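Participant: What follows is a structure written as structure tokens; I'll ask about it next.
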Amino acid sequence: NGTATHAYAMDDVAFGCHPSAVLMPAILAEGESLGVSGAKALRAYVVGYELLAELAEREPDPMQPKGWHPTAVLGPVAAAGAICNLRGLSAAQSAQALGIAASMTGGLVANFGTQTKALHAGRAASAGILAARLALEGVSAAPDALERSTGLLRVLSPAGRVDTDGEFTRANSGLRIVLNGLSIKKYPVCYSLHRVTDAAIDIGRRDNFDPETVKRIDVCIGKTQAWMAGNQAPKTAQEAKYSVEFAIASGLVARAAGFGQIEDGFVRSPLVQRLIGATSIELRDDASPDDPIFSASDRVAVHLADGSVIDSGEVPYARGNARLPLTEPELRRKFIDCVTGGGRSDGERVYAMLREFDKLANLRSLTER
């Protein structure tokens, strides 16, 4: 389930990671086997999210340029913590589980844009369950496997600036799932592309706009965002998910960037390919205060054949960002699209069940139906 979640590229984002793609598959699988309640599963999710946030916030530098996929390298530890909570492991057992999970991490940015990337989330979820089960059986691990000089955080750290000395302190004003929330992906493309995708769609939806009249497209985007989505001349749907040029072409041509556009035929269509070739990128070197992977904002300027220019202006947040959340109807529509894309026709029924997730007495009642 973790692999399927990430393969769709429609999961959520926080702290440079995809929390739910790792946590929910692990919790649902173990929760079903244990017969726990929906409320208990949600509590375990909050624990896993808080742990992921704690680890990610200790590293001031983005891991991606170093070659690490944060979801894959921090996810196993977060999932292990969630499963420890779900199973009611002791503090000592939980510490062992986190140490075990620290040796189960791995995932390379080199595999972004390939099917292997989706395996990162699935393997992380699986590792979390295995680590907790091994700890329950008494398997040992280093008590400082996260913070010692040869531990996970220092080994991963791009510039060695990671904080491994500070104590864990929960924010006085509440949990980070409440303070920071989740950024819900609206499009099945790399999240680093969502701001320019929004900008292109807005331009494409303008009255009397005709993509055939586009002469040139200028894009201003953060350098790390562009680096993560570096397929400059995509020819397949898999490549298009990680292409700045495609995201903008899709928005201008289809006024969308959904499952209908992540198709080889659409990617290779003459107009889309022409607009991909007409796009130039300017890289920004500043950083968003909310996420160092992103620049403070992105911008798209479309030059038309008649000499006029349509400028998106600065776009600081994508639709679905925790600071610009999707509405309930938008969330529902996204869910139905994903279910339909997966070959099921019962999306409305499943959505209604999930809306009552916290009231489930036993997770098996969800999966059995």
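Participant: Scan segment 167-199 for residues that are small (Gly, Ala, Ser) and at pLDDT 90 or above and jot them down. Spell out the reasoning first.
Facilitator: Residues of segment 167-199 small (Gly, Ala, Ser): 171, 173-174, 181, 183, 192, 199.
Within segment 167-199, GLY181, SER183, SER192, ALA199 qualify.
Participant: Scan segment 49-75 and report the pairs whose first residue is touching a residue at least 40 places away in the same chain (Cβ under 8 Å) and closer than 15 Å to LEU182 by Cα and whose second residue is aliphatic (A, V, I, L, M) and surrounded by fewer than 20 Cβ atoms within 10 Å (Cβ to Cβ), with Cβ atoms within less than 7 Å and a gap of 6+ or a chain change.
Facilitator: That search, which allows pairs on different chains as well, returns TYR49/ILE177; GLU50/LEU175; GLU50/ILE177.
Participant: For segment 354-369: of the residues being surrounded by 11 or more Cβ atoms within 10 Å (Cβ to Cβ) and not hydrophobic (A, V, I, L, M, F, W, C), which is farthest from LEU34 (Cα to Cα)? Full working, then the answer.
Facilitator: Applying the first criterion (surrounded by 11 or more Cβ atoms within 10 Å (Cβ to Cβ)) to segment 354-369 yields 354-355, 357-358, 360-367.
Going one step further and asking which of them are not hydrophobic (A, V, I, L, M, F, W, C), we end up with 355, 358, 362, 364-365, 367.
On the way: ARG355: 22, ASP358: 16, ASN362: 9, ARG364: 9, SER365: 12, THR367: 13 Å.
Applying the filter and picking the extreme gives ARG355.
Participant: Ok, one more. Please verify whether GLY38 is surrounded by fewer than 24 Cβ atoms within 10 Å (Cβ to Cβ), closer than 22 Å to ILE184 by Cβ and modelled with pLDDT of 95 or more, treating the condition exactly as stated. Walk me through how you get there before you give the answer.
Facilitator: Numbers: surrounded by fewer than 24 Cβ atoms within 10 Å (Cβ to Cβ): yes; closer than 22 Å to ILE184 by Cβ: yes; modelled with pLDDT of 95 or more: yes.
So GLY38 fits the description; yes.
Participant: Of all residues in segment 145-159 being in a loop (DSSP other than H, G, I, E, B) and free of Cβ contacts under 8 Å to residues at least 40 places away in the same chain, which is nearest to LEU55 (Cα to Cα)?
Facilitator: Among those that are in a loop (DSSP other than H, G, I, E, B) and free of Cβ contacts under 8 Å to residues at least 40 places away in the same chain, it is GLU147.
Participant: Let me ask something else. Quickly run through segment 286-330 and pick out the residues that are assigned to a loop (DSSP other than H, G, I, E, B), buried (at least 16 other Cβ atoms within 10 Å of the Cβ) and more than 19 Å from the chain's Cα centre (by Cα).
Facilitator: SER312
Participant: In segment 124-144, how many are open to solvent by less than 20 Å² (accessible area, probe 1.4 Å) and either acidic (Asp, Glu) or over 15 Å from ALA56 (Cβ atoms) (or both)?
Facilitator: The initial filter retains those residues of segment 124-144 that are open to solvent by less than 20 Å² (accessible area, probe 1.4 Å), namely 124-125, 127-128, 131-132, 135.
Adding the requirement that they be either acidic (Asp, Glu) or over 15 Å from ALA56 (Cβ atoms) (or both) leaves 125, 127-128, 131-132, 135.
Matching residues across segment 124-144 total 6.
Participant: How many residues does segment 21-35 contain that are closer than 22 Å to GLU356 by Cβ and surrounded by 22 or more Cβ atoms within 10 Å (Cβ to Cβ)? Working first, answer last.
Facilitator: First pass over segment 21-35, keeping only residues closer than 22 Å to GLU356 by Cβ: 23-35.
Now narrow it down to the ones that are surrounded by 22 or more Cβ atoms within 10 Å (Cβ to Cβ): 23-27, 30-31.
Residues flagged as closer than 22 Å to GLU356 by Cβ and surrounded by 22 or more Cβ atoms within 10 Å (Cβ to Cβ) within segment 21-35 amount to 7.
Participant: For segment 216-271, enumerate the residues that are open to solvent by less than 10 Å² (accessible area, probe 1.4 Å), part of a loop (DSSP other than H, G, I, E, B) and under 16 Å from PHE112 (Cα atoms).
Facilitator: Selection gives ALA229, PRO234.
The values are calculated or read from the model by the stated rules, or taken from the named source; none is laboratory data. This one's a predicted model, so the numbers in the text were calculated from it and none came from an experiment. Note that each Cβ is placed from the backbone with ideal geometry, even for glycine, and that neighbours are counted across all protein chains shown. All accessible areas refer to the heavy atoms of the entire protein, side chains included, with ligands and DNA or RNA removed. Shrake-Rupley method; radii C 1.70, N 1.55, O 1.52, S 1.80 Å.
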